[in-house]
Amino acid sequence: MKTADAVPHPLPEGEGTKNLPHTGLEGDGTEPDALRPVVLLYARFRTEEDRVETSLKGKTVLITEALHHFGTPMALAFAREGANLFLATLSDHEPLEHTARAAASLGVKVVTEPCDLSREAQVEAAVHKCMAELGHVDVVVNNVLFPVPAQAFGAVPFEVWKRKIEVELTGAFFLFKAVLPRMIEQQWGRIINFTGLAAVQGSDALTASAEQGMVGLTRGIAREYGKYNITANCISAGGMENEAAEGGLSFPPGPRDPITRWGTPEELAFLAVSLASEEAGYVTGQCVLANGGKYFL
């Protein structure tokens, strides 16, 4: 993960804080000073040249939709961190191989599998294949989306309602029932679910119901499984480039938005990598909004 230019590098090994000015009187033995906590905080970051070490190298990241809903940029972002990838898709499996080859070219192992999350047997088979070929499941990026055009609540057919809930919520239920026992065994895990602006500001009733349900599921998992060093968070994205083409509702930037441009898939991927990192172990149960300030929570 690239570091910002303004972030100082940690002190050279062995330097500690011995050259910091003391606020106490000279020779009185007083150690604390205003700068010491800041230096110690920065010293905790492990750097490699111009990168902050995320400790994701060698981890296995399972991405539930690697073709759509920004799955490909996320797969490449995790591959750049040295994470091995298990890439699934609800769509045709053949195009997924292009994403897999691009990720593998970065020097990581990549396994692919078509998977309809609403089918419990397919979910269990996918997780079993991930374990068999990559050894473990450390991070789950659950970005599956069943796109439905916004429409009045009274006009929503029950079959459409049922299918969206089955893919997004029931699918998440099957997925986490399969992966959480593995994460408990290794006493470490990261779960990152994706929702959209409808989860927080409303929208059509179907989309808002599914997305807010994902927030509730995430927070329930966070509370129950934190004792196993497992975190669970949501990313609520809105106003992203190509979001309509990616299957989501479109929230164009407006003149009253704090940031009056489209967000980029790379910015979403950076956020996902950050939440999955070792240093984010105290962040759980959160719904992180990536929407350019369209909505504050």
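The values are calculated or read from the model by the stated rules, or taken from the named source; none is laboratory data. This is a predicted model, so every value here is computed, not measured. Heads up, the Cβs are rebuilt from the backbone with ideal geometry, glycines too, and the neighbour counts pull from every protein chain shown.
At-a-glance table
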item	result
When residues of the range 153-187 are limited to those that are of a type in the set (D, E, K, R) and in contact (Cβ under 8 Å) with a residue 24 or more places away in the chain, the one surrounded by the most Cβ atoms within 10 Å (Cβ to Cβ)	E168
Qualifying positions in the range 154-171 - over 11 Å from T207 (Cβ atoms), part of a helix (DSSP H, G or I) and not aliphatic (A, V, I, L, M)	G154, F158, E159, K162, R163, E166, T170, G171
Segments classed as helices (runs of 4 or more DSSP H), wholly inside the range 60-152, with at least 1 members that are touching a residue at least 40 places away in the same chain (Cβ under 8 Å) and closer than 25 Å to L206 by Cβ	71-80, 120-134
Single match in N193, N229 (criterion: over 13 Å from H69 (Cβ atoms), at pLDDT 95 or above and assigned by TED's automatic domain parsing to the domain that holds F176)	N229
Which listed residue is farther than 24 Å from F173 by Cβ, in the same structural domain as H68 (by TED's automatic domain parsing) and more than 20 Å from the chain's Cα centre (by Cα), from G82, G107	G107
Residue among V144, V137 that is in contact with a Cys (Cβ under 7 Å, 6 or more places away or on another chain) and surrounded by 19 or more Cβ atoms within 10 Å (Cβ to Cβ)	V137
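Matching residues to (1) modelled with pLDDT under 95; (2) aliphatic (A, V, I, L, M); (3) in contact with a Phe, Trp or Tyr (Cβ under 8 Å, 6 or more places away or on another chain):
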{"site": "C130", "(1), (2), (3)": "no, no, yes"}
{"site": "N142", "(1), (2), (3)": "no, no, yes"}
{"site": "F146", "(1), (2), (3)": "yes, no, no"}
{"site": "A150", "(1), (2), (3)": "yes, yes, no"}
{"site": "E159", "(1), (2), (3)": "no, no, no"}
{"site": "A172", "(1), (2), (3)": "no, yes, no"}
